[in-house]
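The values are calculated or read from the model by the stated rules, or taken from the named source; none is laboratory data. Just so you know, these numbers come straight off a predicted model, no measurement behind them. Because the Cβ atoms are built from the backbone with ideal geometry, glycine has one as well, and the counts that use them run over all protein chains shown. Just so you know, the surface numbers come from the protein's heavy atoms only, side chains and all, with ligands and any DNA or RNA stripped out. Shrake-Rupley method; radii C 1.70, N 1.55, O 1.52, S 1.80 Å.
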Amino acid sequence: MEAKDPKIFTKNPDLLYKKVEDLDTFGIVEANPRRAEFDWKDETSYVDKAQDVTLLAATQYNYTWLSVHHDIRDILDAYTKYSAKFGKKLSKDFSPERLYQMLEFGTSDRLVFNVNDDFGQATGEQVDLYDLVRFSRIQEANHMLEPRNRFTDSELEQKFFLGEPLIKKIKNPAVYAENEISEIDLRTVIADCTVSREEIVYYKKIIADNQLALQMDSNLRDPSITIHHAENGGHSQFSGELGLYIPVGVEAAKGYVRADVKKQPAGFKAKGHVHEIGWYEENTSTLVKIEAQAYEIWRGAVKSTRTHEQTDVRMYHNLVGLSSGEHNPFSDRKRMSFHFGSNGKGKIYSAMKNHYNEKMNDVRGYGITKDEIGDKIATDVVGVAFALNPIDWVMSFSLASGISSPQDLIRPEAMKGEGKSGEWSKKPVFIFDALHVKGFDDVDKTYQFDPNETNTGYGKITLRGIPALRNYFQWRIERGEIPGIERSFNIAADGVTKEEEDRIDLKEKEAEDKLKNKELLKEWSVTEVDAFAEITKAVFGDQATALLETLLSGIGAPSVVMEENGKEKTYTFNDLKSLTDFVTKKLEKTDISADIANTLVRSWTHATSDVSEVKKYASQISHLYSMVLYGMKEVGLSLHKNGKRVLDKLGNS
């Protein structure tokens, strides 16, 4: 697609630059020096970083443009988060295109929208999107503080929108003087968000100049999902209003990709890579934080050992705080105990420093501490995964630690700490270096945690048995210390019986077969489509079209009249299986042309046989025939291009 003439992007007489061609990178940086560069401030990769890399490549590594995009995407993301979090809806006319107009032609430094109720009626309340961006950035800065020194989410929200100071006292634990305490106001430690008229026009000009690359990026969703790099897709989408491909916010990119991921079978999602569910530190091959929503999408349905077997080693190692090839030196199989992070010896400690040090130092004046790392292993990695799907996490724990077997640990007796003679009441033993109630650093399922407890400190805590682990994370959730999970959330307590697991496996296998059938239908060559039509015609004659259409519609049971031994006989097919069984028998007897027979044998069985071997491959051919039929039923025969060709072929035979 050719780039549009950049002159069309502005008719604003107030622009400093009268010609958009003159609005170059130098001019933007001269007017706003912070556009000269940007700093990722960490060494981890996730959706936001993937978007940066994708758009840098699309814009010929224009860092100034990307700096502007960071503010624009934060505005777009703030709108999305606000609507979702607070249960309110902003004006329906909001869109990236509408935002561009407001930034270019607005008469103030505010981006004000009306708030609507669930019926689309104005409530009289207004919100400034710039304020929402500031609030979002302050939320992130708040999470750079030590957990016991943070504002709660509700407290932060109330103080922010009332315009009150957001002051916290900071004590650097590395400084021993008692009076070395400083104060910070979270309002002053964040970067402000403003986009000038010149910047938005420049931003659109670069978009117009790089349409080919942005169009290519818009096609990355499906392949990125297929190869388990979903974080790379969705970052550029087509704007019908502008007639251009434009970059979108991180939330929009995630939503676009994940809507399709949700449709995939649990087995496919279980194969997902760690960088699809959280912030991944490449140097150590370690997850430093799991995104709750992503974990629920990719791993929430992993409920059986069969499905979990499709998980790769890196994933189940990362879910317990290990790097992909790391073995925990404090894993004691005999005592069934596992020490997460090995009190500073694990690679995850280096990973956490690479992710947090600079960002924390910017907010509070010092980087992440050893105590905080141990605690984040518990809350940001293990806690998120265990809370959202205890069964999946326990299987990962078993494989990574070598303690017991996944089958044993997910049974109700182990999950509930029961069993004969109570053998699971205090095993396995989970050891963290994390926040706990002072004086209670070795507990089993009988200990009741109080979310209002203030006598807490960091250090080694031993949790004996899966119920004790559950109680501990439930306590951290109720304190608001597990990221992405509401305080009201309750962790599931039940395990899975063998019978329940078998039912889950059967359902999952059916879902996987449906996916394979869809893919098979999509991948048919023209020759194979014709072969399918010909074999259907050879078996059923002029009745083939009506038979397929009725059977695949699901309305009624189709029947055909066949002549056998000089007599007519009626066959009724109640389902696809009865049809394929019939075809299997007929394949062994029906006279098929040599061309069709060889096509079926060679294309569908990858053999190099001649027509005499059709009978030999009859069962394989009929099995593939069956899969194609199921695939047609899933897609819809008349809606799919190959289905249409089959119907055309049957009608013209």
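Annotations for the structure displayed:
- Selection of first residues in the range 448-473 that are over 24 Å from Lys370 (Cα atoms) and without any contact (Cβ under 8 Å) to a residue 12 or more places away in the chain and of second residues that are surrounded by 13 or more Cβ atoms within 10 Å (Cβ to Cβ) and basic (Lys, Arg), restricted to Cβ pairs under 9 Å at least 6 apart or on distinct chains, gives the following pairs, ordered by first then second residue: Asn452/Arg479.
- For the range 229-248, the count of residues that are touching a Gly at 6+ places or on another chain (Cβ under 9 Å) and under 13 Å from Leu55 (Cβ atoms) is nonzero.
- Residues considered: Glu157, Glu146, Glu125, Glu140. Of these, the only one that is at pLDDT 85 or above, under 28 Å from Arg197 (Cα atoms) and of a type in the set (D, E, K, R) is Glu140.
- Ala50 vs. criteria at pLDDT 90 or above, of a type in the set (A, V, I, L, M) and buried (at least 17 other Cβ atoms within 10 Å of the Cβ): yes
- Against the test of being modelled with pLDDT of 95 or more and surrounded by fewer than 15 Cβ atoms within 10 Å (Cβ to Cβ), the options Lys498, Lys460 yield a single qualifying residue, Lys460.
- Residue list for the range 246-268, filter: touching a strand residue (DSSP E or B) at 6+ places or on another chain (Cβ under 8 Å), of a type outside the set (A, V, I, L, M, F, W, C) and in contact (Cβ under 8 Å) with a residue 60 or more places away in the chain: Pro247
- For the condition open to solvent by 40 Å² or more (accessible area, probe 1.4 Å) and either at pLDDT 90 or above or not in a helix (DSSP H, G or I) (or both), Gln237 qualifies.
- Selected residue (criterion: farthest from Leu186 (Cα to Cα)) from residues of the range 313-362 that are of a type in the set (A, V, I, L, M) and under 24 Å from the mean Cα position of the chain (by Cα): Val313
- Among residues of the range 54-79 that are farther than 22 Å from Leu129 by Cα, those with a beta-carbon under 6 Å from a residue that is part of a helix (DSSP H, G or I) and among the polar types (S, T, N, Q) at least six positions away or on a different chain give the pairs Thr64/Thr25.
- Residue match in the range 269-288 (condition: surrounded by fewer than 18 Cβ atoms within 10 Å (Cβ to Cβ) and of a type in the set (Gly, Ala, Ser)): no
- Residue within the range 144-154 that is more than 24 Å from Glu481 (Cβ to Cβ), assigned to a loop (DSSP other than H, G, I, E, B), open to solvent by less than 70 Å² (accessible area, probe 1.4 Å) and not charged (D, E, K, R) present: no
- Wholly enclosed helices (runs of 4 or more DSSP H) of the range 383-456 bearing at least 1 residues among the hydrophobic types (A, V, I, L, M, F, W, C) and modelled with pLDDT of 95 or more: 384-388, 390-401
- Checking Ser182 against (1) among the hydroxyl-bearing types (Ser, Thr, Tyr); (2) surrounded by fewer than 17 Cβ atoms within 10 Å (Cβ to Cβ); (3) in contact with a helix residue (DSSP H, G or I) (Cβ under 9 Å, 6 or more places away or on another chain); (4) without any contact (Cβ under 8 Å) to a residue 40 or more places away in the chain, the condition it does not meet: (4)
- Qualifying residue in the range 248-256 (condition: open to solvent by less than 30 Å² (accessible area, probe 1.4 Å), assigned to a helix (DSSP H, G or I) and over 23 Å from Ala58 (Cβ atoms)): no
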